[in-house]
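Beneath this line is the structure, given in structure tokens, with notes to follow.
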Amino acid sequence: MNTMRNRTYEKIIQYVSLTMIVAAGGIIGALPLISSSSAEVRTVISESDMLRAAFAQKISQICEIDTIDTKERPWQYIVIHHSASEKGNATRFDTYHREKKGWKYGLAYHFVIGNGTLSGDGEIEVGNRWKNQIHGAHTANMDCNQVAIGICLVGDFENGGKPSEDQFDSLVRLTRYLSSKYDIPLSNIILHSQVHQKGTACPGKNFPMAEFKTSLIQFASNEISPSRKS
Ligand SMILES: [Zn+2]
């Protein structure tokens with residue numbers, strides 16, 4: 001057992017060393033768009049982790065793109081937002097963005113994760129911009145919007161509480177899937193407040209960024225060797 005564990009740690013160390021080199025390349029590319037960054041590891045994925053218990057949402061399925069004719073965009077970043085509202089869902093935000101903001105593609109984000117008010121707690125809703133691989137409208141940096149996947153958690157994490165456990169769980173799973181699929185290093189998984197643009201507090205001071213990144217790294221580590229659990 002000990003030998004097995006040692007081997008596991010060895011693998012993790014090799015993995016981290018390798019991915020830090022790869023991540024360094026990503027940071028160089030990230031400089032024009034984000035105002036802060038750190039050297040991190042890349043996440044990896046397996047299908048078995050993708051099935052959520054609460055909604056039985058298989059992430060790979062809900063992320064499927066509508067038609068084979070739709071060209072996938074070269075996604076480089078994942079930007080996390082909060083809705084800055086107590087309630088909400090994709091439909092409500094879509095209406096607001098179409099009617100009040102006048103954005104023809106509607107919902108600014110690619111994904112919305114509910115908090116149990118107007119959609120399920122932890123439920124992932126997929127927007128039109130994801131299904132049709134359209135750029136986001138979720139930051140004030142147009143270059144960023146072209147290459148950044150926008151994920152919005154319903155809630156106000158600046159003046160209210162934190163994401164619910166189910167929201168957080170869904171966010172980790174979704175982010176992990178997307179970062180693996182599009183080869184997005186952890187250093188390019190950022191908060192809206194880190195985007196180079198006019199200042200914003202989004203997703204709020206209560207968003208647990210350190211916990212979020214730790215969870216992503218833990219997922220990656222667990223997948224390097226399932227024997228680690230034994
Ligand atoms: Zn935001």
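Taken together, the values in this text are just the output of simple stated rules run on the coordinates, not laboratory data. Source: prediction; values computed, not measured. Cβ atoms come from the backbone with ideal geometry, glycine included; neighbour counts cover every protein chain shown.
Assorted remarks:
- Annotation: amide H-H contacts under 5 Å for LEU153 (H modelled 1.01 Å from N, sequence separation of 5 or more, or interchain): HIS81, HIS82, SER83, ILE113.
- In this simple spin-label model, placing a label point 7 Å from the Cα along the Cα-to-Cβ direction at both GLN218 and ASP143 gives a separation of 3.6 nm.
- Label zone at GLU86, where the point sits 7 Å out along the Cα-to-Cβ direction: segment 101-144 residues whose backbone N lies under 16 Å: 115-119
- Gain on full stretching of the segment that runs from LYS162 to ARG98 - 0.36 nm per residue minus C-alpha separation: 20.3 nm
- 3J(HN,Hα) from dihedral phi, segment 188-204, Karplus parametrisation 6.51/-1.76/1.60, rounded to Hz, x for glycine, proline: 9, 9, 10, 8, 4, 5, 8, 6, 6, 6, 4, x, 9, 8, 4, x, x
- Simple spin-label estimate for GLU72 and GLN197 in nanometres, 7 Å along Cα-Cβ: 2.5
- Of the peptides 201-214, 147-160, the ranking by mean beta-carbon count within 10 Å, highest at the top, reads 147-160, 201-214.
- Sites matching trypsin sites (Lys or Arg not before Pro) across segment 132-200 that sit in DSSP coil, with at most 14 neighbouring C-beta atoms within 10 Å: LYS198
- Converting phi to 3J(HN,Hα) with the Karplus coefficients 6.51, -1.76 and 1.60 and the offset θ = phi - 60°, segment 112-122 yields 10, 10, x, 10, x, 8, 10, 8, x, 6, x Hz in sequence order, with x at every glycine or proline.
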